[in-house]
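The values are calculated or read from the model by the stated rules, or taken from the named source; none is laboratory data. Predicted model, so just to flag it, every value in this text is computed and none were measured. Because the Cβ atoms are built from the backbone with ideal geometry, glycine has one as well, and the counts that use them run over all protein chains shown.
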Amino acid sequence: MAIHPNYPDVPLVYAYFTTETDDGRTNRVVAFDTTADDQNENSWVIVDGIPADAYHNGGRITFGPANYLWVAAGDGDPALDDPDAIADPGTLGGKILRVEPDGSTPADNPDIEGGDPRVYTYGHRNPQGLAWLPDGTPVITEHGPGGGDEVNVLRAGENYGWPAARNSEGFDSYSGTDYQPPVAGAPSWAPSGSVFYTGEAVPSLQGRLLVGGLISQQIVAITLAEDESRLSADHAGRHDADWMDEEYHAASTPLLADELGRIRHLEEGPDGELYAVTSNRDGRAGDGFPTERDDKLVRIRPR
């Protein structure tokens, strides 16, 4: 879900969901007017026709800089029945979309040859989180196949490789394509929602990209730096291989492992506090979860 940036003056709430139609299952983004008198006529479709399946639906929507609505669409094809469609920028599956609040196309969207004008990037498998660095650079978290989960800095119009490039397979074979490697990635930790934390409530996390973990049941704090020397030696994991994006180096540190269970999303509140939402009642949580109080919204404080 996402709330219009000018709410309540513009009383719209947006939702991404999977639904059944006469043509089968589909994903769509719908806007809801929270002040409408007739609740049967208070909504309208913003984006429709995103491929859907039991898995790989994506679903993260959020407003970013310039008040554009960003939509993280999964490939909707976990069996890879039609891999060409996923790699085709003219389709909506496996894409990051950027639209105006009314669903129209922003004038400064990338002009991708053969692409749907709403497509900002393509070649994604199952994106889960969207966040922005202080300079407005978008960053996504994404589930890989059997490992190879990723954190990607997005570049307008670029191809992020799926399904042609997966994990470390085919790096020699695909080194000449327009595939963009991730800034950080690791075996299965199932990254979920993310936020670049700027608040003061948890000083040790200020200025870091925080990513929730589902199967890993933790928060991963990622430090992004254009200069490798800015990364201190006490980080648990470093991601500065020579195939990385040359503009960034990254280091990651796991936090709160197995204390909250599966973490679905992280958010910074207007008060600068850091919040997490758990996802422990879907039958996938580890031992000890769900607890009697799951699922819950948690405020994270320094120890």
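Determine which member of the set THR18, THR62, THR35 is farther than 26 Å from SER194 by Cβ and among the polar types (S, T, N, Q). Walk me through how you get there before you give the answer.
Numbers: THR18 fails: farther than 26 Å from SER194 by Cβ; THR62 fails: farther than 26 Å from SER194 by Cβ.
Selected residue: THR35, the only one of THR18, THR62, THR35 that is farther than 26 Å from SER194 by Cβ and among the polar types (S, T, N, Q).
So in segment 81-101, with the set limited to residues that are assigned to a loop (DSSP other than H, G, I, E, B) and more than 21 Å from the chain's Cα centre (by Cα), which one is farthest from ASP48 (Cα to Cα)? Break it down stepwise before answering.
From segment 81-101, those assigned to a loop (DSSP other than H, G, I, E, B) are 81-82, 88-94, 100-101; that's our starting set.
The next check asks that each one be more than 21 Å from the chain's Cα centre (by Cα); those that pass are 81-82.
On the way: ASP81: 21, ASP82: 19 Å.
This residue is ASP81.
So PRO302 clears everything in (1) touching a helix residue (DSSP H, G or I) at 6+ places or on another chain (Cβ under 7 Å); (2) at pLDDT below 80 except one condition, right? Which one?
Only one criterion is unmet by PRO302, namely (2).
If the Cβ limit is 9 Å and pairs must be 6+ apart or interchain, which residue in segment 242-262 that is among the charged types (D, E, K, R) pairs with which residue that is modelled with pLDDT under 85 and exposed (fewer than 13 other Cβ atoms within 10 Å of the Cβ)?
Qualifying pairs under 9 Å: GLU247/GLU226.
Does ASP33 satisfy the criteria of being of a type in the set (Asp, Glu), more than 25 Å from PRO138 (Cα to Cα) and surrounded by fewer than 13 Cβ atoms within 10 Å (Cβ to Cβ)? Explain how you work it out, then say what you get.
Values: of a type in the set (Asp, Glu): yes; more than 25 Å from PRO138 (Cα to Cα): yes; surrounded by fewer than 13 Cβ atoms within 10 Å (Cβ to Cβ): no.
Here the answer is no, as ASP33 does not meet what is asked.
Among the listed residues VAL71, VAL30, VAL13, VAL45, which satisfies the condition of being touching a residue at least 12 places away in the same chain (Cβ under 8 Å) and either over 30 Å from GLU113 (Cα atoms) or of a type in the set (Ser, Thr, Tyr) (or both)? Before the answer, list the steps.
Values: VAL71 fails: either over 30 Å from GLU113 (Cα atoms) or of a type in the set (Ser, Thr, Tyr) (or both); VAL30 fails: either over 30 Å from GLU113 (Cα atoms) or of a type in the set (Ser, Thr, Tyr) (or both); VAL45 fails: either over 30 Å from GLU113 (Cα atoms) or of a type in the set (Ser, Thr, Tyr) (or both).
The conditions single out VAL13.
Only one residue in GLY24, GLY64 is on the phi < 0 side of the Ramachandran plot, surrounded by fewer than 21 Cβ atoms within 10 Å (Cβ to Cβ) and either at pLDDT 95 or above or of a type in the set (Gly, Ala, Ser) (or both). Which one?
Details: GLY24 fails: on the phi < 0 side of the Ramachandran plot.
Within the list GLY24, GLY64, the selection yields GLY64.
Can you tell me which of (1) modelled with pLDDT under 85; (2) part of a loop (DSSP other than H, G, I, E, B) is the one ALA257 doesn't meet?
(1)
Mind listing whichever residues of segment 96-135 are free of Cβ contacts under 8 Å to residues at least 40 places away in the same chain, loosely packed, with under 14 Cβ neighbours inside 10 Å and not hydroxyl-bearing (Ser, Thr, Tyr)?
Correct list: ALA107, ASP108, GLU113, GLY114, ASP135.
Would you say ASP75 is farther than 11 Å from THR18 by Cα and assigned to a loop (DSSP other than H, G, I, E, B)? Give the derivation first.
Details: farther than 11 Å from THR18 by Cα: yes; assigned to a loop (DSSP other than H, G, I, E, B): yes.
So ASP75 fits the description; yes.
Any residue in segment 76-87 that is within 20 Å of ALA190 (Cα to Cα), modelled with pLDDT under 95 and crowded, with 20+ Cβ neighbours inside 10 Å? Walk me through how you get there before you give the answer.
Of all residues in segment 76-87, those within 20 Å of ALA190 (Cα to Cα) come to 76-80.
Still in the list and also modelled with pLDDT under 95: 76-80.
Of the ones still in play, those that are also crowded, with 20+ Cβ neighbours inside 10 Å are 76-77.
Yes, the conditions are met somewhere in segment 76-87.
Of (1) at pLDDT 90 or above; (2) more than 21 Å from the chain's Cα centre (by Cα), GLY213 satisfies all except one. Which?
(2)
Give TYR248, TYR174, TYR179, TYR197 a once-over and let me know the one that is at pLDDT 80 or above and of a type in the set (Ser, Thr, Tyr).
Values: TYR248 fails: at pLDDT 80 or above; TYR174 fails: at pLDDT 80 or above; TYR179 fails: at pLDDT 80 or above.
Only one candidate qualifies: TYR197.
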